[in-house]
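The values are calculated or read from the model by the stated rules, or taken from the named source; none is laboratory data. All of these numbers come straight from a predicted model, not from anything done at the bench. All Cβ positions, even for glycine, are placed from backbone atoms using ideal geometry, and neighbour counts span all protein chains on display. The accessibility values were calculated without ligands, DNA or RNA, using every heavy atom of the protein model including side chains. Shrake-Rupley method; radii C 1.70, N 1.55, O 1.52, S 1.80 Å.
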Amino acid sequence: MIHIVSDSSTLYSPAQAAAAGFHCVPLSVCVNDETYRDYDEITPRAMADACRKGAKVSSSQPAVGEKTELYSHLLENPDDTVLDITIADGLSGTYATACMARDLSEDPGRITVFNSRALGGPQRLMVETAVRMRNAGHSLEEILAVLLKMAESDVSTVTVSDLHFLADGGRIPKGLAAVGSMLRVLPTVVRREDGQSLDTLAVSRTWKGAFGKVAAAFDKKGMDASNVIYILHADCEENAAKARSSFAARYPDSDIVVLDLCPMFMVHGGPGCLALETVKKA
């Protein structure tokens with residue numbers, strides 16, 4: 001059996017992942033020096049409230065020991081293998097942690113760590129696709145080939161309403177955050193093709209303008225009816241609904257999924273941010 005492993009960047013809790021047929025190792029957030037595991041110990045709403053109250057927040061990837069222990073448990077049957085689908089290397093240390101845990105395992109040859117080059121919605125669909133293919137009897141090689149193709153179609157953007165969270169995370173200079181906040185602009189960043197970092201896509205005055213800039217990035221990547229659009233929001237349902245309406249009008253044949261962002265994402269985007277992403281279905 002191929003055991004699928006991932007993390008809470010998929011926006012699954014461990015319990016939801018177990019029901020869906022894979023293992024989710026939660027990422028962690030620190031709130032005023034107290035550490036909480038995504039979903040298990042802190043909800044998206046509680047994280048948003050903490051951020052709005054000015055709490056000091058940071059994030060961390062799963063511990064190497066936790067991953068090593070999970071791999072060991074999953075490989076008790078000598079015929080089983082593990083496929084761990086992680087957040088984009090460069091945007092998180094999760095991929096490096098998984099590789100370290102693999103190398104520390106008794107049988108690293110039975111563990112494959114896949115760098116999704118994505119996060120959030122596209123990573124979620126990759127995991128769901130891997131589970132579906134596994135259940136249908138496809139080989140590890142066949143699953144990896146499909147995941148690589150999906151990774152090439154991904155476009156991931158984040159539009160933030162409070163620039164200070166990007167600045168605190170080292171994504172933009174603090175001086176730029178101060179100026180941007182005074183001007184009340186909405187910056188949109190996009191994940192680079194290699195998944196290693198983020199680039200500024202556009203700066204807009206309104207959410208409508210931001211949606212248009214994101215749609216242009218989607219179109220440039222070859223948007224069609226096989227794409228799934230993910231609208232992931234940090235406690236801002238009203239703006240998520242506006243985004244859904246905008247994209248539904250422009251892409252009437254595409255599936256649109258609206259979800260709450262996990263607490264870890266709010267460390268970097270802050271409450272009120274929207275992650276707008278797309279990836280092609282396998």
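Computed values, structure above
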read-out: Pairs, first of a type in the set (A, V, I, L, M) in the stretch 213-228, second surrounded by fewer than 13 Cβ atoms within 10 Å (Cβ to Cβ), C-beta under 6 Å, six or more apart; value: Ala225/Asp253
read-out: Options Leu144, Leu148: the member that is under 17 Å from Asp89 (Cα atoms), open to solvent by 70 Å² or more (accessible area, probe 1.4 Å), among the hydrophobic types (A, V, I, L, M, F, W, C) and at pLDDT 95 or above; value: Leu148
read-out: Qualifying residue in the stretch 182-191 (condition: farther than 18 Å from Ala275 by Cβ, modelled with pLDDT under 90 and assigned to a helix (DSSP H, G or I)); value: yes
read-out: Helices (runs of 4 or more DSSP H) wholly inside the stretch 11-127 containing at least 3 residues that are at pLDDT below 95 and outside the structural domain of Gly270 (by the TED database); value: 44-52, 64-74, 94-104
read-out: Candidate set: the stretch 18-31, residues that are among the aliphatic types (A, V, I, L, M) and without any contact (Cβ under 8 Å) to a residue 40 or more places away in the chain; chosen: the one farthest from Val131 (Cα to Cα); value: Val31
read-out: Total residues in the stretch 236-282, condition farther than 25 Å from Leu147 by Cα and assigned to a loop (DSSP other than H, G, I, E, B); value: 6
read-out: Residues satisfying the stated conditions in the stretch 231-249, i.e. touching a residue at least 24 places away in the same chain (Cβ under 8 Å) and among the small types (Gly, Ala, Ser); value: Ala234, Ala240, Ala243, Ser246
read-out: Residue in the stretch 120-134 that is under 22 Å from Leu75 (Cβ atoms) and open to solvent by 20 Å² or more (accessible area, probe 1.4 Å) present; value: yes
read-out: Residues being assigned to a strand (DSSP E or B) and of a type in the set (Gly, Ala, Ser) - total across the stretch 1-10; value: 1
